[in-house]
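The values are calculated or read from the model by the stated rules, or taken from the named source; none is laboratory data. Quantities reported herein were computed from a predicted structural model and do not represent experimental measurements. Cβ coordinates were reconstructed from backbone atoms using ideal geometry, including for glycine residues, and neighbour counts include every protein chain displayed. Heads up: the accessible areas ignore ligands, DNA and RNA and are worked out on the full protein's heavy atoms, side chains in. Shrake-Rupley method; radii C 1.70, N 1.55, O 1.52, S 1.80 Å.
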Amino acid sequence: MKNKNILWHLLAIAIVAVWGTTFVNTKVLYNSGLTPLEIFFLRFVIAYICIWFISPRQLFSRTWRDELIMVLLGITGGSVFFLAENYAVGLTYVNNVSFIVCTAPLLTVLLGITFVKSIKASWSLILGSLIALLGVATVIFNGSFVLHLNPWGDLLTLLASLCWAVYSLLMKKISHSYSAVFITRKIFFYGLVTVLPAFLFDPWTATTSMLLTPKVILNLLFLGLVASFLCFVLWTLVIAKIGAMTSSNYLYLNPITTVAASAIFLNEPMTAIAYVGSALILIGVAVSNK
């Protein structure tokens, strides 16, 4: 049983590592001419098509209350979350977005303690969260001098962070009632439906020739097949097995993958203080999830 539990923790780390690289994929697609709205829409369309091949044919949840939760999951973990994050990537450095998104675990803890009676905060959880957040703040503070943070990009990223905190708590509530595949399919569907009105304000501009370039195809396939289809299904299972609080704390690891990927593929600056911040993040996650 202990070994199985460790495997779920390792899976959470692997998923977060994949998600950490998606900031780079999004930046590449943005630089290729796609809008944040188009990137999200195409990503979720690919994921939604793929999940139908393994999803149960049940169309709706067992109750309207559960169906409403699925809608909220599609908004907080889909349309609003990704639009805020994707537009933020277009306004500021990839590293900055990744670091600020890392406030999501702390927001999850605060919202959980406030609104969910079954969630209690241990000293190790609080201490670990603060240490990890200090690591995030260390890199952000460095970034304010080197990367020139954009206020609008920061606010959008904080909105995405809040959305993910709500998403995690809603997932905790529903993850034991339905299969991971069914829940993920509903998230993709409602994410796509709720994002459609945004095209009234940001019309489609991507051309066929643009979408058929190898760079765009490969990055969209990675975002749709791996980061969305595969990782969302697995993350739903992770939350069901180790809980919303524990799984959310692994999001603090996001910047480590992002820093490495953006330094390799985007030539974005990497400084010594970022290593210090990363070390603090690792220590904080270890203490929180001990």
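Hand me the list of helices (runs of 4 or more DSSP H) wholly inside the stretch 180-224 holding 3 or more residues that are open to solvent by 60 Å² or more (accessible area, probe 1.4 Å). Steps first, please.
Numbers: elements: 180-195, 208-211, 214-221.
Passing ranges, in order: 214-221.
Scan the stretch 233-244 and give yes if some residue there is touching a helix residue (DSSP H, G or I) at 6+ places or on another chain (Cβ under 7 Å), open to solvent by 40 Å² or more (accessible area, probe 1.4 Å) and not in a helix (DSSP H, G or I), otherwise no.
Within the stretch 233-244 (the criterion being touching a helix residue (DSSP H, G or I) at 6+ places or on another chain (Cβ under 7 Å), open to solvent by 40 Å² or more (accessible area, probe 1.4 Å) and not in a helix (DSSP H, G or I)), the answer is no, since none of the residues qualifies.
Report whether or not residue 198 is within 19 Å of residue 30 (Cα to Cα) and in contact with an Asp or Glu (Cβ under 8 Å, 6 or more places away or on another chain). Please lay out each step first, then the result.
Details: within 19 Å of residue 30 (Cα to Cα): yes; in contact with an Asp or Glu (Cβ under 8 Å, 6 or more places away or on another chain): no.
For residue 198, the condition - within 19 Å of residue 30 (Cα to Cα) and in contact with an Asp or Glu (Cβ under 8 Å, 6 or more places away or on another chain) - is not met.
Can you work out which of the residues in the stretch 246-280 that are among the polar types (S, T, N, Q) and surrounded by fewer than 22 Cβ atoms within 10 Å (Cβ to Cβ) is modelled with the highest pLDDT?
246
Does residue 162 satisfy being out of contact with any Ser or Thr (no Cβ under 7 Å at 6 or more places or on another chain), surrounded by 18 or more Cβ atoms within 10 Å (Cβ to Cβ) and at pLDDT 80 or above?
yes
Given the stretch 26-103, what helices (runs of 4 or more DSSP H) lie entirely inside it while holding 3 or more residues that are buried (at least 23 other Cβ atoms within 10 Å of the Cβ) and either modelled with pLDDT under 95 or out of contact with any helix residue (DSSP H, G or I) (no Cβ under 8 Å at 6 or more places or on another chain) (or both)? Quick ask: steps written out before the conclusion?
Details: elements: 36-51, 64-74, 80-91, 94-101.
Counting at least 3 such residues, we get 36-51, 80-91, 94-101.
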